[in-house]
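J.: Dropping the structure in here first, questions after.
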Amino acid sequence: MFKKKFLLFVFFIFELFLYAEDFHYVAEKDIAVFFRDEDLILSLNNKKIIRKGAIVNLDCEKCRIRLTDKNKQNKLLSLVYDGTIYKGFISIKNLKIKDCNEVLPESIISVTEIGISRKYVPSYFLEALKNNNTSIIKKYDHKYALENQNPDIQEETEEYIALALEEDRFYAVISNMGLRFHNDNSFLFNKIEKISDTVYRCTGYGVSSFSRDLIDETDWDSYFSYDQIDSNEYESLILKIDGDFIHIYSETQKKYLITYVKISNDAEVQLINLFNHKNCNTENLNWPRHADD
């Protein structure tokens, strides 16, 4: 009987480590954990501080990088949500992978301590803008095409995209602890390797949405599934920097995922006009450039 109970205990511990792995980060400066108030609004005043040098352990399955709506103070927060230890939103700008000396170039990092400094959208948005044709998106995203076959639904979706752009909550997030994709996928890093000045390998776990139940309710293709975490195998992404463009490939899945492009404020204005079905003026637009332009 004792032997049987002991084996069950060992199996339980094995399962715990297999499916609930923590990734470990170091706070390079004092960083804040923000909480919601009684009205469930994220407040900059409702916070606690994680001190410089502290180790931040995050469950790679339960944590997500979030780009929150603007709150009462009209501040946008680039955060990782943790529902286990801190049960709050942790500012990610100054989180670095523990025991990893490599970081991504500061020129592509899109987050500040509170807010975002660079705005990345899928590069095919530029093609849609140049052609004044939002339906071009359907060529690049199967799920989007499937969900928006009805013109009325497509118009409603495009108005949502315009609103998300206006509120600065649609953009991809690039940081030294992970990525947030435009489709709300997250990828948390546990290792960064520099291959060249413009190519980096980022290893970790990708998750498709905030809840397993929501995976099929989004309008965008997911790049990751929970099978990766459940198999306990890390995934490696290749980030290739090309001027204002960043190409992302999955070595593990052996396929190209997406290209993001950094846009200017005037390009953002015209994209919002495009998705709001208003006239677009692209004549003097400051278009993003490739490295060899």
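The values are calculated or read from the model by the stated rules, or taken from the named source; none is laboratory data. These numbers come from a predicted model, not from an experiment. Glycine also receives a Cβ, built like all others from the backbone with ideal geometry; neighbour counts cover every protein chain displayed. The protein model used for the area step is the full one, side chains on, heavy atoms only, and it has no ligands, DNA or RNA in it. Shrake-Rupley method; radii C 1.70, N 1.55, O 1.52, S 1.80 Å.
J.: What are the residues in segment 30-69 that are under 30 Å from ASP99 (Cα atoms), of a type in the set (Val, Ile, Thr) and part of a loop (DSSP other than H, G, I, E, B), if any?
T.: Of everything in segment 30-69, just one residue is under 30 Å from ASP99 (Cα atoms), of a type in the set (Val, Ile, Thr) and part of a loop (DSSP other than H, G, I, E, B), namely THR68.
J.: Follow-up. So, in segment 218-245, of the ones that are assigned to a strand (DSSP E or B) and under 18 Å from LEU188 (Cβ atoms), which residue ends up modelled with the lowest pLDDT? Spell out the reasoning first.
T.: Filtering segment 218-245 for residues assigned to a strand (DSSP E or B) gives 235-242, 245.
Next cut, under 18 Å from LEU188 (Cβ atoms) only: 235-239.
On the way: GLU235: 92, SER236: 95, LEU237: 97, ILE238: 98, LEU239: 98.
Taking the candidates together, the pick is GLU235.
J.: So if I check each of ASP266, ASP293, which one is over 15 Å from GLU127 (Cα atoms) and open to solvent by 90 Å² or more (accessible area, probe 1.4 Å)?
T.: ASP293
J.: Please go through (1) touching an Asp or Glu at 6+ places or on another chain (Cβ under 6 Å); (2) farther than 21 Å from GLY204 by Cα for ASN133 and return the number of the only condition it doesn't satisfy.
T.: Among (1) touching an Asp or Glu at 6+ places or on another chain (Cβ under 6 Å); (2) farther than 21 Å from GLY204 by Cα, the lone unmet condition for ASN133 is (1).
J.: Let me ask something else about it. Give me a count of the residues in segment 175-200 that are aliphatic (A, V, I, L, M) and open to solvent by less than 10 Å² (accessible area, probe 1.4 Å). Don't jump to the end; show me each part of the working.
T.: Kept after step one, since they are aliphatic (A, V, I, L, M), are these residues of segment 175-200: 177, 179, 188, 192, 195, 199.
Those still in the list that are open to solvent by less than 10 Å² (accessible area, probe 1.4 Å) too: 177, 179, 188, 192.
Summing the residues that are aliphatic (A, V, I, L, M) and open to solvent by less than 10 Å² (accessible area, probe 1.4 Å) in segment 175-200 gives 4.
J.: Looking only at segment 269-290, count how many residues are open to solvent by 60 Å² or more (accessible area, probe 1.4 Å) and closer than 16 Å to TYR124 by Cα.
T.: Applying the first criterion (open to solvent by 60 Å² or more (accessible area, probe 1.4 Å)) to segment 269-290 yields 269, 277-279, 281, 283-284, 286-287, 289-290.
So of that shortlist, the ones also closer than 16 Å to TYR124 by Cα come out as 287, 289-290.
Residues that pass the stated criteria total 3.
J.: Go through TYR140, TYR144, TYR171 for me and flag whichever is of a type outside the set (Val, Ile, Thr) and either more than 20 Å from the chain's Cα centre (by Cα) or open to solvent by 20 Å² or more (accessible area, probe 1.4 Å) (or both). Working first, answer last.
T.: Details: TYR144 fails: either more than 20 Å from the chain's Cα centre (by Cα) or open to solvent by 20 Å² or more (accessible area, probe 1.4 Å) (or both); TYR171 fails: either more than 20 Å from the chain's Cα centre (by Cα) or open to solvent by 20 Å² or more (accessible area, probe 1.4 Å) (or both).
None of the other options fit; the residue is TYR140.
J.: Tell me, yes or no, whether segment 158-166 has at least one residue that is crowded, with 17+ Cβ neighbours inside 10 Å, small (Gly, Ala, Ser) and without any contact (Cβ under 8 Å) to a residue 24 or more places away in the chain.
T.: Looking for residues that are crowded, with 17+ Cβ neighbours inside 10 Å, small (Gly, Ala, Ser) and without any contact (Cβ under 8 Å) to a residue 24 or more places away in the chain, one finds at least one in segment 158-166, hence yes.
J.: So SER43 passes all but one of these: (1) farther than 23 Å from SER208 by Cα; (2) at pLDDT below 70. Which condition number does it fail?
T.: Result: SER43 fails condition (2) only.
J.: Against the condition within 16 Å of the chain's Cα centre (by Cα), more than 20 Å from SER264 (Cα to Cα) and modelled with pLDDT under 90, how does ASN190 come out, does it pass? Let's see the steps before the verdict.
T.: Working: within 16 Å of the chain's Cα centre (by Cα): yes; more than 20 Å from SER264 (Cα to Cα): yes; modelled with pLDDT under 90: no.
Against the criterion (within 16 Å of the chain's Cα centre (by Cα), more than 20 Å from SER264 (Cα to Cα) and modelled with pLDDT under 90), ASN190 does not qualify.
J.: Same structure again: What pairs come out if I take residues in segment 263-288 that are of a type in the set (Ser, Thr, Tyr) and pair them with residues that are not in a helix (DSSP H, G or I) whose C-beta lies under 7 Å away, six or more apart or interchain?
T.: SER264/ASN286
J.: Restricted to segment 3-40, and to residues that are within 28 Å of PHE189 (Cβ to Cβ), of a type in the set (Asp, Glu) and surrounded by 11 or more Cβ atoms within 10 Å (Cβ to Cβ), which residue is modelled with the lowest pLDDT? First the steps, then the outcome.
T.: Taking segment 3-40 as the starting set, the residues that turn out to be within 28 Å of PHE189 (Cβ to Cβ) are 13-36.
With of a type in the set (Asp, Glu) added as a condition, the list becomes 15, 21-22, 28, 30.
Checking which are surrounded by 11 or more Cβ atoms within 10 Å (Cβ to Cβ) leaves us with 21-22, 28, 30.
Values: GLU21: 72, ASP22: 85, GLU28: 94, ASP30: 93.
In this case the residue turns out to be GLU21.
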